[in-house]
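Worksheet: the structure to be examined is printed underneath.
The values are calculated or read from the model by the stated rules, or taken from the named source; none is laboratory data. Keep in mind that what you see is a predicted model, and the values were worked out from it rather than measured. We place every Cβ from the backbone using ideal geometry, glycine too, and count neighbours over all the protein chains shown. Side chains included, ligands, DNA and RNA excluded: accessible areas come from the protein's heavy atoms. Shrake-Rupley method; radii C 1.70, N 1.55, O 1.52, S 1.80 Å.
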Amino acid sequence: MDILLDFLANVPWWAWILIFLLFVAIRDIFFQKAHTISHNFPIVGHLRYWLESIGPEMRQYFVANNREELPFNRIERGWIYASAKKENNYEGFGTDRDIYSHQHIFIKNAMIGYQMRSNHPNIENPYFLPCAKVIGAHNKRKKPYRPASVINISAMSFGSLSAAAVDAMNHGVKKCHAYHNTGEGGLSPYHKQGGDVIFHFGTGYFGVRSREGNFSIEKMKILVDENPCIKAIEIKLSQGAKPGKGGVLPGAKITPEIANIRGVEVGKDVLSPATHKAFSSIPELLELIEAIAQETGLPVGIKAAIGKMEQWNELADLMKKTGKGPDFITVDGGEGGTGAAPPSFADHVSLPWVYGFASVYKTFKDRNLTDRIVFIGSGKLGFPAKAAMAFAMGVDCINVAREAMMSIGCIQAQVCHTNRCPTGVATQSKWLQNGINVPLKSDRLAQYFKTFRKEFIEITHAAGYEHPSQFTMNDIQVNVDDDYLSSDLETVYRYKKTAVPFSSMQELYDCEYLGGKTALEKTS
């Protein structure tokens, strides 16, 4: 034995490397049959798979130009990162964007912009920008709610996101007075850090699920009673990543904690049904909305990606007839989001946000119903210029998902569905989550939202308005095509936005239903 140990101790380090490579080569040639490249080119074939695995990072950092990478290009990501860190987010030497490209947005500035009086709320707090409408006011819900921020966190579940990410986001929305949508994974302890919460459920009914897997209104009532942070309830009909297909959470991401919150099994893939069990028709959906609102006292809304309009027309007709209906409608874009989805769904099923929202808004405007609904837009709208376009089309608030993830460190590695997110944002790996400094990242999310609102207010003032709700479709112009070069939104989408009742920012500041009051301050 001593002779063997002496021999091994005298083997040089480079010989160990050669021995290791020899074993890899033997394994590649004689044992593994799954990969042709590594079989035909032992050892060096592995380099190909490694380079492929880091392809998105290589392209976005070294290959793609500033405006080329998708879903978010380098300029967009850079603006979010700089805004979140309170760094210089300006550009020098003019824009490098092709301003004549299809759908480029132009915001028409006024000759003389809006001028704030000396005691205006935005002089004391340049970030103050609440929703102009009160959710649930028209339907006289017991607990109406005015979001204190026009930009908020979209539906992203604990399970899809890590505990540290959800924790940082909820602390962040508390600091900037926004709300935090739970996503369909249920209300976790990490959603209860002081921020306003919108409880969202889908076909899996996680958090309000009976033993049989059905919706339980009794559990919903208990959940709301025990958690005053919940300000409204959202029913997911479909989502932009995969409309018509249930949610997917890989078994690798399901820890005992997630299983307990959701009421599912550890380590087993969770495949939510494609459709709801609690209703199967528009009248039944309306009944469910009213039942939940009656039992909880909270505003109730729906979220959907948009395709066919027949059932939307039916919903609008029924709302007109009965005087009842959802308090808010969240329109999701077919661009997809954080959810895992087959490419055929993510690429082709449902309309992009701008087309889908225009169709839905027109449906309710034609029946004079837009004043009783708060419209929420969700689909890559986390930039002031895009938000201005959305508000001009009729949006009252926007939700952001991937933009919020980037503000706390996401690098667009596009591995959200693999449990190997390198930044710890979309993984259940404790080691990777340790990279998230919750206090620091919560500050960065809050600062991104504050910077967004401040620039949005400045754009609004440049257009001559006090609040973005005052934007009209004639205030935004877009490029269309070579034959019909450019026109305002009203001409392009063939409807006229309903004027939103708005008196002053001071009135919004004094509103008794304003959200975020536990932390609302007049200073930044």
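A few notes on this one:
- One residue stands out in region 199-227 among those that are among the small types (Gly, Ala, Ser) and more than 23 Å from the chain's Cα centre (by Cα): the one that is nearest to GLY297 (Cα to Cα), namely SER216.
- Any hit, region 335-349, residues being open to solvent by less than 30 Å² (accessible area, probe 1.4 Å) and over 30 Å from GLU257 (Cβ atoms): no
- Residues that are closer than 21 Å to LEU381 by Cβ, in contact with an Asp or Glu (Cβ under 9 Å, 6 or more places away or on another chain) and in contact (Cβ under 8 Å) with a residue 12 or more places away in the chain do not occur anywhere in region 212-225.
- Residues within region 497-514 that are of a type in the set (D, E, K, R), part of a loop (DSSP other than H, G, I, E, B) and open to solvent by 50 Å² or more (accessible area, probe 1.4 Å), tallied: 2
- Condition met for HIS171 (crowded, with 22+ Cβ neighbours inside 10 Å and on the phi < 0 side of the Ramachandran plot): no
- Subset of region 105-131 (residues that are of a type in the set (Gly, Ala, Ser) and either within 17 Å of GLN447 (Cα to Cα) or open to solvent by 80 Å² or more (accessible area, probe 1.4 Å) (or both)): SER118
- The combined condition, being closer than 27 Å to ALA132 by Cα and touching a residue at least 60 places away in the same chain (Cβ under 8 Å), is not fulfilled by GLY356.
- Which listed residue is farther than 20 Å from ARG77 by Cβ, more than 16 Å from the chain's Cα centre (by Cα) and of a type in the set (Gly, Ala, Ser), from ALA316, ALA413: ALA316
- Residue check, ILE373 within 24 Å of PRO147 (Cα to Cα) and modelled with pLDDT of 95 or more: yes
- Any pair with Cβ under 7 angstrom, 6 or more apart, that starts in region 489-513 at a residue that is closer than 16 Å to ARG367 by Cα and ends at one that is at pLDDT below 95 and surrounded by fewer than 18 Cβ atoms within 10 Å (Cβ to Cβ): LYS496/GLU490
- Leading residue by the ranking (most open to solvent (accessible area, probe 1.4 Å)) among those in region 22-39 that are of a type in the set (Gly, Ala, Ser) and in a helix (DSSP H, G or I): ALA25
- Looking only at region 155-187, residues that are at pLDDT below 95 and of a type outside the set (A, V, I, L, M, F, W, C) come to 8 in all.
- Some residue of region 182-195 being of a type in the set (A, V, I, L, M, F, W, C), surrounded by fewer than 20 Cβ atoms within 10 Å (Cβ to Cβ) and in contact with a strand residue (DSSP E or B) (Cβ under 9 Å, 6 or more places away or on another chain): no
- One residue alone among THR491, THR518 is over 27 Å from the mean Cα position of the chain (by Cα) and at pLDDT below 90, and that residue is THR491.
- Test: residue in region 249-272 that is open to solvent by less than 10 Å² (accessible area, probe 1.4 Å), closer than 15 Å to MET220 by Cβ and among the aliphatic types (A, V, I, L, M): no
Residues checked against (1) open to solvent by less than 10 Å² (accessible area, probe 1.4 Å); (2) farther than 30 Å from MET393 by Cα; (3) in contact (Cβ under 8 Å) with a residue 60 or more places away in the chain:
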site: LYS236; (1), (2), (3): no, no, yes
site: ALA316; (1), (2), (3): yes, no, no
site: THR322; (1), (2), (3): no, no, no
site: GLY333; (1), (2), (3): yes, no, yes
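- Flag: SER238 matches the condition of being in contact with a strand residue (DSSP E or B) (Cβ under 7 Å, 6 or more places away or on another chain) and small (Gly, Ala, Ser).
- Residue in region 225-233 that is out of contact with any Ser or Thr (no Cβ under 8 Å at 6 or more places or on another chain), open to solvent by 40 Å² or more (accessible area, probe 1.4 Å) and at pLDDT below 95 present: no
- Scanning region 123-136 finds one or more residues that are over 30 Å from LEU286 (Cβ atoms) and without any contact (Cβ under 8 Å) to a residue 12 or more places away in the chain.
- Neighbours by Cβ (under 7 Å, 6+ apart or cross-chain): first from region 265-288, without any contact (Cβ under 8 Å) to a residue 40 or more places away in the chain; second assigned to a helix (DSSP H, G or I) and open to solvent by 100 Å² or more (accessible area, probe 1.4 Å): ILE282/GLN311
- Region 136-177 - residue that is of a type in the set (A, V, I, L, M) and under 13 Å from the mean Cα position of the chain (by Cα) and, of those, nearest to ALA387 (Cα to Cα): ILE151
- Among the residues of region 146-161, those that are open to solvent by 10 Å² or more (accessible area, probe 1.4 Å) and of a type in the set (Ser, Thr, Tyr) comprise SER157, SER160.
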